[in-house]
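The values are calculated or read from the model by the stated rules, or taken from the named source; none is laboratory data. Keep in mind that this is a model prediction, so the values were computed, not measured. We place every Cβ from the backbone using ideal geometry, glycine too, and count neighbours over all the protein chains shown. Just the protein is used for accessible areas: all its heavy atoms, side chains included, with ligands, DNA and RNA removed. Shrake-Rupley method; radii C 1.70, N 1.55, O 1.52, S 1.80 Å.
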Amino acid sequence: DSLNCCSLGETVEIDSPEFGLYIKEIVREMTMKAGQKCTAIRRAIVPASKTDAVIQAIQARLQKTVIGDPAVEGVRMGSLVGAEQVKDVWDNVNKLAGECELVYGGNRDFEVAGGDKEIGAFFPLTLFYCDEPMKKLLPHSVEAFGPVCTVMPYTGVDEAVEIASMGKGSLVGSVFTAND
């Protein structure tokens, strides 16, 4: 299985190097191979007090990401494998939209550099926010297998661990903190 997460430690300050590395890693994982690797980020677990800052920082980096033909100068993310996968990712995004708030992308109106989104298998970067990760189970079990991530707030380390465990994944889980 490949259900996984990336967690931001409670003591990380917004202006710290760890915060910047956390945001950079989430975006890298969403865009690398268009999220099509089994260890790609799927859930971003963050302290509730830093949720807005995390979402804004991710949005800012995603806005700079050019989707399209990798042979075109400036393109940072290519296509999915094919049309069938695009359909599957849209199906999963629609499921997630039933329990989560769409905070970036997730619609069919996006730019493609050097390609045609009607012909190619391009997919928009998509970021969700799940306001109640302890109650809403779908975001823990649906894996879009594309450039899709869901931000989930926590209050306290024990809750962060429980949220991470709800994904039942075993391949990847990262924690960003300066606190040993």
Problem - Cα-based helix-to-principal-axis angle, 157-166 vs the chain, degrees rounded to 10 - result: 40 degrees
Handout entry: Cα lying deepest toward the dipole's positive end in the chain, options ILE67, PRO139, TYR22, charges on Cβ
Key = ILE67
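Quote the relative contact order of segment 87-180 in percent (integer), defining contacts as alpha-carbon pairs under 8 Å separated by 6+ residues.
Values: 97 pairs, mean separation 26.7, N = 94.
Contact order relative to length: 28 percent.
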Completion exercise
Percent relative contact order for the chain, counting Cα pairs under 8 Å at least six residues apart, stands at 36 percent
Exercise for the section: Could you look at the chain and say what percent of its accessible area is carbon and sulfur, using a 1.4 Å probe and all protein chains? Expected result: 50 percent
Exercise for the section: Note the angle between two axes, namely the Cα long axis of helix 83-97 and the longest principal axis of the Cα atoms of the chain, as a number of degrees from 0 to 90, rounded to the nearest 10. Expected result: 40 degrees
Practice task
Indicate the gyration tensor shape class of segment 1-48 (rounded, prolate or oblate), computed on the Cα atoms with a ≥ b ≥ c the square roots of the eigenvalues: a/c under 1.5 is rounded; otherwise a/b larger than b/c is prolate and the rest oblate.
Solution key: oblate
Exercise for the section: Compute the accessible area per residue over segment 125-171, keeping the other protein chains in place, probe 1.4 Å, unit Å². Expected result: 43 Å²
Handout entry: GluC sites (Glu not before Pro) within segment 61-101, DSSP loop, no more than 12 other Cβ atoms inside 10 Å
Key = GLU73
Exercise for the section: Counting only DSSP beta bridges with both residues in the chain, tell me the antiparallel percent, nearest 5. Expected result: 15 percent
Fill in the blank from the handout: Between ASP158 and ALA83, the FRET efficiency computed from the C-beta separation at R0 = 41 Å comes out, to the nearest 0.05, as 0.40
Handout entry: Accessible area in the full protein assembly, largest first, 1.4 Å probe, for ARG42, ARG28, ARG108
Key = ARG108, ARG28, ARG42
Exercise for the section: Output the direction-averaged projected area (hull surface divided by four) of the convex hull of the alpha-carbon atoms of the chain, in nm². Expected result: 9.8 nm²
Completion exercise
With the 1.4 Å probe rolled over protein heavy atoms, segment 1-102 has an accessible area per residue in Å² of 48 Å²
Handout entry: Sum of -39500 (n - 2.57) over DSSP H runs of 4+, divided by residues of the chain (222 nm, nearest 500)
Key = -9500 deg cm²/dmol
